[in-house]
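For reference, the structure is listed below as structure tokens.
The values are calculated or read from the model by the stated rules, or taken from the named source; none is laboratory data. The model shown is predicted, which means the values in this text are computed figures rather than measured ones. Note that we place each Cβ from the backbone using ideal geometry, even for glycine, and neighbour counts take in every protein chain shown.
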Amino acid sequence: MTPAMIRCEGLSKTFLMHIRGGTRIEAFRDVSFQLSAGEFLGIRGPSGAGKSSFLRCLYRTYLPSAGAVWYTDSAEVTHDLAAADEHTILGLRRQEIGYISQFFPVIPRVSALDTIANNMVFRGFPREASLERTRELLERLSIPRRLWEMSPSTFSGGEKQRINIIHAIIARPRLLLLDEPTSSLDSATAHEAVLLIRELKEKGTAMIGVFHDTALLSSLSDRVLTMSPARAGETGP
Amino acid sequence: MGEHADASLAERIGTGAGVLLSVLDLEKRYGPGCEACLELTGPQRSTNICPRCRSVIALRGVSFDLREGEILGIVGESGSGKSTLVQCIYFDQDVSHGEIRVNGQNGGCDVTGLPRSEKRRLRSRLMGMVYQNPMQGLRLDITSGANVAEKLLEADVFHFARIRERATGLLARTEIPAAFVDRLPRTLSGGMQQRIQIAKALANNPPLVLLDEVTSGLDVSVQARVLDLVRELQRELGMSMIVVSHDMGVIRLLADRTVVMKDGGIVEQGLTDQILEDPQHPYTQLLVHSTL
Amino acid sequence: MTLEELLPGSGGFRYNFAFLDEGAKREVRRALLKAVALPGHQVPFASPELPIARGWGTGGLQITMSLIGPNDVLKIIDQGCDGSVNAVNLRKLLVATTGVRTTFDSREATILQSRHRLPEIPLKPHQVAVLQVPLPEPLRLVEPSEIATRRMHAEGDYARMWVSLYEDVIQNGAISLTAGYPCRVNNTYIMSPSPLPRWDLPLLNGAEHLTLLGAGREKRVYAVPPCTSVQPLEFEDLPFTVESFAGMSCARCGSSGTFLDEIYDEKTGLSSRVCSDSGFCVLVREGAIQPRRPTHG
């Protein structure tokens, strides 16, 4: 068994809402798992089980209340993502850890082509090669050519989501977190997007993903984590 | 232009980036002060005015680091001290207590005690500032080009052709039409005045740019253009930024990390997305959930 | 009736030597010492009332009065000429209160008071130039507040001055200032060299003699000690130039390397050029010195 890239131990998240008089809302409790390069961990569970919150805790958008997330980076240094300082997290997000959610922050005046290509250029890849690769992927996800030079701010939801997916994938992160990435896509483009995801997985990216389509989830996952509103535990696919 | 773009990207944006600016326990008091001032004011007391001596404690115990290439957001309501903070960093105001350390200056020693002329020199080399009100940042009685030239002249650039070239180049980069380079800013729109300020702030390629409510008071569409420009320039030139705003949208767009201020003190600091989506401090929660 | 007749035995009334009382002179000399110690820096001084109105050279006058002794030889010029009305007035006052010898030959003078020109023959170390200054503050052009200009000098914050020169070039193609061109003294302060034409500024730079400048109305004195650098402000790629008199020469003495005034004869309707330095011109015409050929300009 390949050494674990990421090892989560007893992760818990409870929100303390001061503006609601100090109400505590438990999102999830005591979640543990291990994942290696090229492996896909699927997360399933009913709505309200804390799946999105869990992904956000891994990405540090939410601050975990307890537990640790040991991540070993490309330089073989291990960090606890739950407790690491902000600069470390920012660095890892830029270089190694990607996240696809259903919301894509759009910058009004930058074209779809540039928005995506820049993700590579800012990592040091030459501009022409980045643009080339971007065009390839835009074709694959059926984004009409006429839209390439336009800003995604004018795109439909489905189109924006495809840009979102390409943007995250093109950077070849070591670890990719996916929160319902294909739910706003029609079945044909969803299928193509899943192919891209599989290709990335083959190249060694570790993935943790939430999909409401259980069949899809099962076909992608090497392992599945079931979360429920009360308790979460790891089970096989 | 764009000397920083040559630096290796990994160095620029990776965890290895050095600390550019350190602010330690900064305090700014207006008024005589008394022993009770700090105790009777601050975020817990919901006031920055001492009830006993009527001094205003505009800043209290403010500490943070800023790394090279990082964008730090400072958010808070009026009276939070956020504008005072950048004015102190920019040497527009003197601090009452605490230290400001700038990397590479005097071996990283405190610069708050330097003589005024030294501060002036330091600031013209290291910092650019964009004020909320263009009247503060621009001289409205000299041309746009001259405004940018002033910064270069402050930094002892005395070659006319070079000054002219850099000024026109920067104004072009901030999308000021060539015809307006020799016009007075007074005759131009608010959005254009802000963009001239940005050009001026970048004149000496400073490693740190301070933006104080740069888009407040501008129309929404104009705001978008200015913010875009700021973002592009930061990506291109790689300088550190401190962005002060009461507008969460601006902070979300620009800042990597954010500091939340209330009544002169910092109540919370962290990753911008974490501050906006999982705020911990009661005040931050109030602020975030009040945003439409 | 004289005072002696009114009050027999009073000894009559005599002005103090050089009009000012000794206390007032010491005050001015104290200020001058400070000015010499800080080249180009304006030093305020307590300026007493004089029988000549402000705006007519009282600043230069007070300096001369504070320095002059019975063995001094005095030359006073205005616009380079000993014979102009103002120069004559000032000379009369000083002679009446000191009895010193006067001269039109700049080589003989120990104190040379002037408005608007320096003599063509460079002064020697034992000679002192006293210049009359209407507006001592070079930054007044860009900043009306005295408090602000004092701070600017103290902090060496001259960017606004430079910006006005930049704007000048943008508008006029070159720096268009003629007289009173701002100069950097001893690499420190920027000063206004009084209304000297550009022509004379190279004479100030590294001069062997002491130059004292006085503004009576503004109550400031400043100084350029001997062997001190005086650099007119210039952009690296737009060097400072002096006035050009190419192809012209003095109608009276034939010199072509001096600063020339244009004289207009109303009767004939003709204009001609003559040396501004009338003393110099006379010396050439008398054969005491050679006519000047161009060296700079």
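Things worth noting here:
- Leading residue by the ranking (surrounded by the most Cβ atoms within 10 Å (Cβ to Cβ)) among those in the stretch B:110-127 that are assigned to a helix (DSSP H, G or I) and charged (D, E, K, R): B:ARG123
- Among the residues of the stretch A:175-197, just one is surrounded by fewer than 14 Cβ atoms within 10 Å (Cβ to Cβ) and of a type in the set (D, E, K, R), namely A:ASP186.
- For C:ILE170, the test of being touching a helix residue (DSSP H, G or I) at 6+ places or on another chain (Cβ under 8 Å) and either within 10 Å of another protein chain (Cβ to nearest Cβ) or of a type in the set (Val, Ile, Thr) (or both) is passed.
- Members of the stretch C:220-275 that are within 14 Å of chain B (Cβ to nearest Cβ), among the acidic types (Asp, Glu) and more than 30 Å from C:VAL36 (Cβ to Cβ): C:GLU236, C:ASP237
- Test result for A:SER32, of a type in the set (Ser, Thr, Tyr), within 23 Å of A:SER219 (Cα to Cα) and surrounded by fewer than 21 Cβ atoms within 10 Å (Cβ to Cβ): yes
- Strands (runs of 3 or more DSSP E) wholly inside the stretch B:1-80 that include at least 2 residues being modelled with pLDDT under 90 and at positive phi: none
- Verdict on C:ARG107 being within 14 Å of chain B (Cβ to nearest Cβ), surrounded by fewer than 21 Cβ atoms within 10 Å (Cβ to Cβ) and out of contact with any His (no Cβ under 6 Å at 6 or more places or on another chain): no
- Count - residues of the stretch C:257-284 that are surrounded by fewer than 15 Cβ atoms within 10 Å (Cβ to Cβ) and more than 19 Å from C:ASP78 (Cα to Cα): 7
- For the stretch A:1-26, the tally of residues that are within 30 Å of A:ARG174 (Cβ to Cβ) and in a strand (DSSP E or B) stands at 10.
- Residue count, the stretch C:89-108 (criterion: assigned to a helix (DSSP H, G or I), under 18 Å from the mean Cα position of the chain (by Cα) and either touching a residue at least 24 places away in the same chain (Cβ under 8 Å) or within 11 Å of C:ILE68 (Cβ to Cβ) (or both)): 3
- Flag if B:LEU202 is more than 9 Å from every other protein chain (Cβ to nearest Cβ), in contact with a helix residue (DSSP H, G or I) (Cβ under 8 Å, 6 or more places away or on another chain), buried (at least 21 other Cβ atoms within 10 Å of the Cβ) and under 26 Å from B:SER221 (Cα atoms): yes
- Selected residue (only one of C:GLY254, C:GLY287 is surrounded by fewer than 18 Cβ atoms within 10 Å (Cβ to Cβ), in contact with a helix residue (DSSP H, G or I) (Cβ under 8 Å, 6 or more places away or on another chain) and of a type in the set (Gly, Ala, Ser)): C:GLY254
- Some residue of the stretch B:143-166 being part of a loop (DSSP other than H, G, I, E, B), surrounded by fewer than 23 Cβ atoms within 10 Å (Cβ to Cβ) and more than 11 Å from chain C (Cβ to nearest Cβ): no
- Residue in the stretch C:155-167 that is part of a loop (DSSP other than H, G, I, E, B), among the charged types (D, E, K, R) and either within 14 Å of chain B (Cβ to nearest Cβ) or within 15 Å of the chain's Cα centre (by Cα) (or both) present: yes
- From the list B:ARG139, B:ARG121, the lone residue that is within 23 Å of B:MET239 (Cα to Cα) and within 12 Å of chain C (Cβ to nearest Cβ) is B:ARG121.
- Among the candidates B:ASP228, B:ASP273, the residue that is surrounded by 19 or more Cβ atoms within 10 Å (Cβ to Cβ) and facing chain A (nearest Cβ under 8 Å) is uniquely B:ASP273.
- Count - residues of the stretch C:26-54 that are touching a helix residue (DSSP H, G or I) at 6+ places or on another chain (Cβ under 8 Å), buried (at least 21 other Cβ atoms within 10 Å of the Cβ) and part of a helix (DSSP H, G or I): 2
- Residues in the stretch A:28-50 that are over 19 Å from the mean Cα position of the chain (by Cα) and in a strand (DSSP E or B): A:ARG29, A:ASP30.
- Any hit, the stretch B:128-136, residues being free of Cβ contacts under 8 Å to residues at least 12 places away in the same chain and crowded, with 21+ Cβ neighbours inside 10 Å: no
- Tallying residues that are crowded, with 22+ Cβ neighbours inside 10 Å and more than 14 Å from every other protein chain (Cβ to nearest Cβ) within the stretch B:242-264 yields 7.
- The conditions of being away from chain C (no Cβ under 14 Å), in a helix (DSSP H, G or I), in contact with a Ser or Thr (Cβ under 9 Å, 6 or more places away or on another chain) and surrounded by fewer than 23 Cβ atoms within 10 Å (Cβ to Cβ) are met by B:VAL222.
- Of the residues examined, A:LEU58 is one that is more than 11 Å from chain B (Cβ to nearest Cβ), of a type outside the set (Asp, Glu), within 16 Å of B:LEU271 (Cβ to Cβ) and not in a strand (DSSP E or B).
- Only a single item in (1) buried (at least 18 other Cβ atoms within 10 Å of the Cβ); (2) farther than 16 Å from A:MET227 by Cβ; (3) of a type in the set (A, V, I, L, M, F, W, C) is not met by A:ILE43, and it is number (2).
- Scan the stretch B:276-292 for residues that are under 14 Å from B:GLY76 (Cα atoms), within 11 Å of chain A (Cβ to nearest Cβ) and surrounded by fewer than 20 Cβ atoms within 10 Å (Cβ to Cβ) and the total you get is 7.
- Among (1) within 14 Å of chain B (Cβ to nearest Cβ); (2) within 21 Å of B:ASP273 (Cα to Cα); (3) in contact (Cβ under 8 Å) with a residue 40 or more places away in the chain - the single one A:PRO173 does not satisfy: (1)
- Identity of the residue in the stretch A:96-116, free of Cβ contacts under 8 Å to residues at least 40 places away in the same chain and crowded, with 17+ Cβ neighbours inside 10 Å, that ends up nearest to the other protein chains (Cβ to nearest Cβ): A:ASP114
- Where a residue in the stretch A:74-90 is more than 10 Å from chain B (Cβ to nearest Cβ) and its partner, wherever it lies, is among the acidic types (Asp, Glu), with Cβ under 9 Å and at least six apart: A:SER74/A:GLU96
- Of all positions in the stretch C:272-283, at least one carries a residue that is touching a residue at least 12 places away in the same chain (Cβ under 8 Å), touching a helix residue (DSSP H, G or I) at 6+ places or on another chain (Cβ under 7 Å) and not aromatic (Phe, Trp, Tyr).
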